[in-house]
Amino acid sequence: MTTPFVEFDRVWLAYNEELQAQGQYAVEDISLRVGPGEFIAIVGPSGCGKSTFMKLTTGLKMPSRGRITVGGAQVTGPLKISGMAFQAASLLPWRTTLANVLLPLEIVEPYRSSFKARRREYEAKARELLKSVGLAGYEDKFPWQLSGGMQQRASICRALVHEPQMLLLDEPFGALDAFTREELWCTLRDLHAAQKFNVILVTHDLRESVFLADKVYVMSKGPGRFVVERPIDLPRPRDLEVTYTPQFTDIVHELRGHIGAMRRTGAAVAT
């Protein structure tokens with residue numbers, strides 16, 4: 001691998017000193033290397049530490065032990081080079097779609113200090129991003145005028161408008177119906193192919209992880225640690241037809257087997 005964009009070096013996290021003294025960790029001994037522009041997915045049972053991993057990656061939590069490096073620098077606090085989207089779109093109801101997408105440029109430096117002077121330029125960027133996800137013509141609509149899928153598209157645009165080097169997605173499509181979810185898989189696939197940002201996706205949907213990711217990691221029950229690293233060798237670009245192929249189905253079943261084994265025995269699964 002070339003110089004990794006994200007690197008975890010034997011990272012452990014306890015939520016406070018008392019728990020650490022008792023040896024109770026939320027995640028333990030996590031090591032991984034993510035190459036520039038790589039798309040990885042994290043899957044595992046509920047409560048295994050997937051969201052904790054995201055907080056560590058973005059600097060919202062500091063490790064109790066170990067070292068995290070992103071973009072060649074050690075993570076010592078919240079990162080400005082990342083964007084995030086969650087299961088709930090969380091659009092501000094009093095702002096239009098365009099105004100919601102512009103929000104990071106209003107509050108994150110170096111954009112904040114030049115926002116008034118460059119507003120037209122930033123609006124043009126936001127409109128182009130909305131157009132790329134099929135929301136042209138909806139810029140002046142309010143969240144309550146959008147479907148769930150449209151709201152999630154706008155949320156992803158908001159996460160990308162400041163051109164982050166890394167996009168973190170925590171169950172972003174979990175609340176949507178199956179058809180809308182698959183549409184947004186394709187939207188995300190196309191954005192990633194065009195812009196080559198890093199993506200870390202946390203999901204319970206194994207089909208989603210296999211369709212989108214270059215590599216899937218399976219986390220064990222808490223304390224969370226990676227027990228399987230599965231490269232996805234399906235050629236790109238991928239379309240939805242690949243999800244009906246034996247090769248795709250075999251990978252999904254393999255991952256499901258690992259998670260099922262952990263649920264039955266509570267034991268670690270060999271990589």
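If I filter the range 191-213 down to residues being part of a helix (DSSP H, G or I) and closer than 22 Å to LEU130 by Cβ, which single residue comes out as modelled with the highest pLDDT? Before the answer, list the steps.
Of the residues in the range 191-213, the ones part of a helix (DSSP H, G or I) are 191-195, 206-212.
Pick out the ones that are also closer than 22 Å to LEU130 by Cβ and you get 191-195, 212.
On the way: LEU191: 93, HIS192: 94, ALA193: 94, ALA194: 92, GLN195: 91, LEU212: 97.
Result: LEU212.
Those residues that are of a type in the set (Gly, Ala, Ser), within 21 Å of the chain's Cα centre (by Cα), surrounded by 14 or more Cβ atoms within 10 Å (Cβ to Cβ) and part of a loop (DSSP other than H, G, I, E, B), I need them from the range 6-49; list them, please.
Keep residues of the range 6-49 that are of a type in the set (Gly, Ala, Ser), which gives 14, 21, 23, 26, 31, 35, 37, 41, 44, 46-47, 49.
Checking the rest, the ones that are also within 21 Å of the chain's Cα centre (by Cα) come to 26, 31, 35, 37, 41, 44, 46-47, 49.
Filter again for surrounded by 14 or more Cβ atoms within 10 Å (Cβ to Cβ), leaving 26, 35, 37, 41, 44, 49.
Within the range 6-49, ALA26, GLY35, GLY37, GLY44, GLY49 meet the criteria.
Only one residue in ILE156, ILE259 is β-branched (Val, Ile, Thr) and assigned by TED's automatic domain parsing to the domain that holds ARG118, so which one is that? Explain how you work it out, then say what you get.
Details: ILE259 fails: assigned by TED's automatic domain parsing to the domain that holds ARG118.
When all the criteria are applied, what remains is ILE156.
Can you name the residue in the range 1-43 that is touching a Ser or Thr at 6+ places or on another chain (Cβ under 7 Å) and closer than 22 Å to ARG207 by Cβ and, of all such residues, is modelled with the lowest pLDDT?
Selected residue: VAL43.
Write out, first by first residue and then by second, each pair whose Cβ atoms fall under 6 Å of each other, whose residues are 6+ apart or on separate chains, and whose first residue, in the range 228-245, is in contact (Cβ under 8 Å) with a residue 12 or more places away in the chain and assigned by TED's automatic domain parsing to the domain that holds ILE40 while the second is surrounded by 15 or more Cβ atoms within 10 Å (Cβ to Cβ) and small (Gly, Ala, Ser).
Short answer, once both residue conditions are applied: ILE232/ALA213.
Could you run through the range 142-197 and say how many residues are within 30 Å of VAL75 (Cα to Cα), of a type in the set (D, E, K, R) and touching a residue at least 40 places away in the same chain (Cβ under 8 Å)?
Total satisfying the criteria: 6.
Kindly check whether there is at least one residue in the range 251-266 that is part of a loop (DSSP other than H, G, I, E, B), at pLDDT 95 or above and not small (Gly, Ala, Ser). If you could, list the steps in order and put the result at the bottom.
The initial filter retains those residues of the range 251-266 that are part of a loop (DSSP other than H, G, I, E, B), namely 266.
Still in the list and also at pLDDT 95 or above: none.
Checked against the condition, which is being part of a loop (DSSP other than H, G, I, E, B), at pLDDT 95 or above and not small (Gly, Ala, Ser), the range 251-266 yields no hits at all.
Among the residues that make up the range 175-187, is at least one of them acidic (Asp, Glu) and either at pLDDT 95 or above or closer than 26 Å to GLY71 by Cβ (or both)?
In the first step, residues of the range 175-187 are kept if they are acidic (Asp, Glu); the result is 177, 182-183.
Then drop every residue that is not either at pLDDT 95 or above or closer than 26 Å to GLY71 by Cβ (or both), which leaves none.
Among the residues of the range 175-187, not one is acidic (Asp, Glu) and either at pLDDT 95 or above or closer than 26 Å to GLY71 by Cβ (or both), which makes the answer no.
So which residues in the range 87-129 are touching a residue at least 60 places away in the same chain (Cβ under 8 Å) and either assigned to a helix (DSSP H, G or I) or surrounded by fewer than 19 Cβ atoms within 10 Å (Cβ to Cβ) (or both)? Walk me through how you get there before you give the answer.
Applying the first criterion (touching a residue at least 60 places away in the same chain (Cβ under 8 Å)) to the range 87-129 yields 87-91, 101.
Matches in the range 87-129: GLN87, ALA88, SER90, VAL101.
Given (1) surrounded by fewer than 19 Cβ atoms within 10 Å (Cβ to Cβ); (2) within 25 Å of GLU123 (Cα to Cα), where does SER155 come up short, assuming only one miss?
Evaluating SER155 over (1) surrounded by fewer than 19 Cβ atoms within 10 Å (Cβ to Cβ); (2) within 25 Å of GLU123 (Cα to Cα) leaves (1) as the failure.
Within the range 161-178, can one find any residue that is buried (at least 19 other Cβ atoms within 10 Å of the Cβ), of a type outside the set (Phe, Trp, Tyr) and either touching an Asp or Glu at 6+ places or on another chain (Cβ under 6 Å) or part of a helix (DSSP H, G or I) (or both)?
no
I'd like the full set of residues that are outside any helix (DSSP H, G or I) and surrounded by fewer than 16 Cβ atoms within 10 Å (Cβ to Cβ), limited to the range 130-140. Reasoning before the result, please.
The initial filter retains those residues of the range 130-140 that are outside any helix (DSSP H, G or I), namely 133-140.
Selection gives GLY134, ALA136, GLY137, ASP140.
Name every residue in the range 55-66 that is part of a loop (DSSP other than H, G, I, E, B) and in contact with an Asp or Glu (Cβ under 9 Å, 6 or more places away or on another chain), in order of residue number.
The first filter runs over the range 55-66 and keeps only residues part of a loop (DSSP other than H, G, I, E, B), leaving 58-64.
Of everything in the range 55-66, just one residue is part of a loop (DSSP other than H, G, I, E, B) and in contact with an Asp or Glu (Cβ under 9 Å, 6 or more places away or on another chain), namely SER64.
Out of THR3, THR52, THR69, I need the residue that is in contact (Cβ under 8 Å) with a residue 40 or more places away in the chain, assigned to a helix (DSSP H, G or I) and out of contact with any helix residue (DSSP H, G or I) (no Cβ under 7 Å at 6 or more places or on another chain). Which one?
Details: THR3 fails: assigned to a helix (DSSP H, G or I); THR69 fails: assigned to a helix (DSSP H, G or I).
The conditions single out THR52.
The values are calculated or read from the model by the stated rules, or taken from the named source; none is laboratory data. From a predicted model like this one, the values you see are computed outputs, not experimental measurements. Here Cβ is always computed from backbone atoms with ideal geometry, including for glycine, and neighbour counts include all displayed protein chains.
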